[in-house]
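Reading through the structure tokens given below for one structure.
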Amino acid sequence: LALVGVHTRGEDFRQLAELYEEYLPRVHDLRQRALLHEKLADLYENQLGERARTEAHLEAALALDPTLPRAFVALSRLYLTSKRFQACAELYERAADRTPSIEDKCALLTEVAAIYEHRVVDLHAAKHAYTRASDLGSTRACAFRAIWRVSEGLGQHKELVKALWEDAKVSKDPVLASALYAWAGDVLAERMDDPEGASDRYREAAHRDPKN
């Protein structure tokens, strides 16, 4: 790659990209090949304006080395700007499966769920991701709120009652907890024809906030 500096100074980015492309098959170290794909993606996006080749090289880079942060951020941005929301959700989910950090895993799964809920409009997939996030324990209350929102949209009343109950249990706000228990009671009474279960939830609501 001795000519790289010459081509860069001459701003002949097309020739530079072609040079990298020719050199790519000869790179046997997977990390170095991934970095070369990343460099090609940068050239195609920022100097040559070729989105398709940019995405292809970013995908190749992450397939070889999923830990490359620049490639991950760049590819997720391209997916979102091109409205390839399903692909972006799958990218985040693979990252969540790979990271050892519970906090990062939960954050990524929450992003996955939000994309499925608001962009792809696949409530089943959204609920699955929110549930995975809640099972991790991190930001549990937020995940439960999302689960009951999605469960309501799906008409899954049993799951909605469970999510409301779990959210109420972890809430430190007695007024909010009481409201959630009362909502669960309303669902049991009006949607599930379970007056006994509804009475139990109403009692829990009164216990958490006697003014309710």
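Among the residues of region 169-193, write down those that are farther than 19 Å from Ser151 by Cβ and either crowded, with 19+ Cβ neighbours inside 10 Å or not charged (D, E, K, R) (or both). Before the answer, list the steps.
Just the residues of region 169-193 that are farther than 19 Å from Ser151 by Cβ, to begin with: 172-175, 178.
Answer for region 169-193, where residues must be farther than 19 Å from Ser151 by Cβ and either crowded, with 19+ Cβ neighbours inside 10 Å or not charged (D, E, K, R) (or both): Pro174, Val175, Ser178.
Across region 30-44, not a single residue is classified as in a loop (DSSP other than H, G, I, E, B) and free of Cβ contacts under 8 Å to residues at least 60 places away in the same chain.
The set of residues in region 169-193 being more than 21 Å from Leu123 (Cβ to Cβ), in a loop (DSSP other than H, G, I, E, B) and in contact (Cβ under 8 Å) with a residue 12 or more places away in the chain consists of Ser171 alone. Put simply, of Glu159, Glu196, Glu166 the only residue that is without any contact (Cβ under 8 Å) to a residue 40 or more places away in the chain, over 22 Å from Ala133 (Cβ atoms), of a type outside the set (A, V, I, L, M) and open to solvent by 20 Å² or more (accessible area, probe 1.4 Å) is Glu196.
The values are calculated or read from the model by the stated rules, or taken from the named source; none is laboratory data. Values in this document were obtained by computation on a predicted structure and should not be read as measured data. We place every Cβ from the backbone using ideal geometry, glycine too, and count neighbours over all the protein chains shown. Ligands, DNA and RNA are excluded from the accessible area calculation, which covers all protein heavy atoms including side chains. Shrake-Rupley method; radii C 1.70, N 1.55, O 1.52, S 1.80 Å.
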